[in-house]
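There's a structure below that I have some questions on.
The values are calculated or read from the model by the stated rules, or taken from the named source; none is laboratory data. Since the model is a prediction, treat every value here as computed from it, not as a measurement. Neighbour counts run over all protein chains shown; Cβ positions are idealised from the backbone, glycine included.
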Amino acid sequence: MPERMFAVIGHPIGHTMSPFIHKRLFQLAGKQGDYKIIDVAHEELEVKIKMLDELDGYNITIPNKQAIIPFLDKLDKKAEMYGSVNTVKNGKMREGFTTDPDGFLKALESENMPLKGNVVIVGCGGVARTFAYEAALAESCITLAVRKEDELMAASLAKEVCGRVKNTKIKTCLISDLERNNTVNDLLVNATPVGMYPRVGALPVSDSVISRSACVFDAVYNPLKTKLIEKALANGSKAAGGMSMLVWQAAVAHQIWDGTLYSKDDINQLIEDSAKEMTRMF
């Protein structure tokens, strides 16, 4: 039987955790499959699409998550709604999916952190967009907290989500405004790079905001436990980090490719192992 081939495509793509994570997922499932890195710039997609057709499936990162869509035969509902694809399954047709939302939801679920009530999302970039859509679909009351220079971007994101998800409850504010109210947050989400290596001592919000948050999710995955997560856990809050989302969204890709489901214990071990590998790599 010929070896099945998978890959991650993007540009630049010198450092990525994808091969380590996906190869381990194949091993855990007892499935055969090789996984490699392919550098594909935005302008090269049309030329390289036939080469990509030779793969059984592939993952997509910047700058090709939107650019790949015209070359696909079918999109799942989430990929269509987001206008973004990070996983392709090849076969009789090219099928596009986005597993980022599932990675977020499964990361929350694995720590028994419900997506409900008052949800504060710090940031308004691409990852914040994913979180905002999922919170809206869960009928949460969303606050986008941003820096002064990002107010217009946050307002644009809020308008977009309201236009696509009925009955969305969303507002925007400055991060400093969070300090001045006593609202209890059911979930605080950091969708910024604040706290990422090497500036591991930085916090996206103040201690008072963290202390008023029942659950905390930090999209940062290096380090495994950011200062934000450490403070949340010290307060007795539930918390999860970006490595959990990264591994879970990869696991969902394998569900698409092979129908494989993974246990929480296996994924938790892979999260820890991936953090160690990341430290070794970087």
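When the stretch 113-137 is examined, which residues are found to be closer than 23 Å to SER208 by Cα and part of a loop (DSSP other than H, G, I, E, B)?
MET113, PRO114, LEU115, LYS116, GLY117, GLY123, CYS124
Is at least one residue of the stretch 49-56 touching a helix residue (DSSP H, G or I) at 6+ places or on another chain (Cβ under 6 Å), on the phi < 0 side of the Ramachandran plot, crowded, with 17+ Cβ neighbours inside 10 Å and not aromatic (Phe, Trp, Tyr)? Working first, answer last.
Step one: list which residues in the stretch 49-56 are touching a helix residue (DSSP H, G or I) at 6+ places or on another chain (Cβ under 6 Å), which gives 49.
Applying the additional criterion that residues be on the phi < 0 side of the Ramachandran plot yields 49.
Cutting the leftovers down to crowded, with 17+ Cβ neighbours inside 10 Å gives us none.
Taking every residue of the stretch 49-56 in turn, none turns out to be touching a helix residue (DSSP H, G or I) at 6+ places or on another chain (Cβ under 6 Å), on the phi < 0 side of the Ramachandran plot, crowded, with 17+ Cβ neighbours inside 10 Å and not aromatic (Phe, Trp, Tyr).
Here is a further query. All but one of (1) crowded, with 16+ Cβ neighbours inside 10 Å; (2) assigned to a strand (DSSP E or B) hold for LEU28; which doesn't?
The one condition LEU28 does not meet is (2).
Still on this model: If you go through the stretch 177-202 one residue at a time, how many are at pLDDT 95 or above and under 20 Å from GLU111 (Cβ atoms)?
Final tally of qualifying residues: 8.
In this structure, is SER140 more than 12 Å from the chain's Cα centre (by Cα) and more than 14 Å from VAL189 (Cα to Cα)?
no
Limited to the stretch 72-97, what total is found for residues that are assigned to a loop (DSSP other than H, G, I, E, B), surrounded by 15 or more Cβ atoms within 10 Å (Cβ to Cβ) and either of a type in the set (A, V, I, L, M, F, W, C) or not assigned by TED's automatic domain parsing to the domain that holds THR61 (or both)?
2
Something else about it: How many residues are among the small types (Gly, Ala, Ser), under 22 Å from GLU160 (Cα atoms) and surrounded by fewer than 20 Cβ atoms within 10 Å (Cβ to Cβ) if we restrict to the stretch 103-127?
3
Give me the pairs, please: first residue somewhere in the stretch 208-232 and touching a residue at least 60 places away in the same chain (Cβ under 8 Å), second residue anywhere and surrounded by fewer than 19 Cβ atoms within 10 Å (Cβ to Cβ) and outside any loop (DSSP other than H, G, I, E, B), beta-carbon distance under 6 Å, and either six or more positions apart or on two chains.
CYS215/LYS238
Which residues, taken from the stretch 196-212, are surrounded by 18 or more Cβ atoms within 10 Å (Cβ to Cβ) and more than 21 Å from the chain's Cα centre (by Cα)?
Within the stretch 196-212, VAL209, ILE210, ARG212 meet the criteria.
Has the stretch 215-235 got at least one residue that is among the aromatic types (Phe, Trp, Tyr), within 17 Å of ILE271 (Cβ to Cβ) and surrounded by 20 or more Cβ atoms within 10 Å (Cβ to Cβ)? Step through it out loud before you land on a result.
Restricting attention to the stretch 215-235, the residues satisfying the condition of being among the aromatic types (Phe, Trp, Tyr) are 217, 221.
Those left that are additionally within 17 Å of ILE271 (Cβ to Cβ): 217, 221.
Narrowing the set further to residues that are surrounded by 20 or more Cβ atoms within 10 Å (Cβ to Cβ) leaves 217, 221.
Within the stretch 215-235 (the criterion being among the aromatic types (Phe, Trp, Tyr), within 17 Å of ILE271 (Cβ to Cβ) and surrounded by 20 or more Cβ atoms within 10 Å (Cβ to Cβ)), the answer is yes, since at least one residue qualifies.
If you don't mind, there's one more thing I want to ask. Within the stretch 219-268, restricting attention to residues that are part of a helix (DSSP H, G or I) and in contact with a strand residue (DSSP E or B) (Cβ under 7 Å, 6 or more places away or on another chain), which residue is farthest from PHE131 (Cα to Cα)?
Applying the filter and picking the extreme gives TRP257.
So for the stretch 184-196 (the condition being out of contact with any strand residue (DSSP E or B) (no Cβ under 9 Å at 6 or more places or on another chain), in the same structural domain as ALA107 (by TED's automatic domain parsing) and not in a helix (DSSP H, G or I)), does at least one residue qualify?
yes
Right, next: Acidic (Asp, Glu) and surrounded by fewer than 18 Cβ atoms within 10 Å (Cβ to Cβ): does that describe GLU134?
For GLU134, the condition - acidic (Asp, Glu) and surrounded by fewer than 18 Cβ atoms within 10 Å (Cβ to Cβ) - is not met.
Continuing with the same structure: Any idea how many residues of the stretch 38-92 are within 23 Å of THR260 (Cβ to Cβ) and touching a residue at least 60 places away in the same chain (Cβ under 8 Å)?
Of the residues in that region, 6 qualify.
Checking ALA202 against (1) small (Gly, Ala, Ser); (2) in a loop (DSSP other than H, G, I, E, B); (3) not assigned by TED's automatic domain parsing to the domain that holds MET113: exactly one of these is not met. Which one?
Unmet condition: (3).
Further question: Read through the list (1) in the same structural domain as GLN249 (by TED's automatic domain parsing); (2) acidic (Asp, Glu); (3) in a helix (DSSP H, G or I), then give the number of the only condition that GLU54 fails.
(3)
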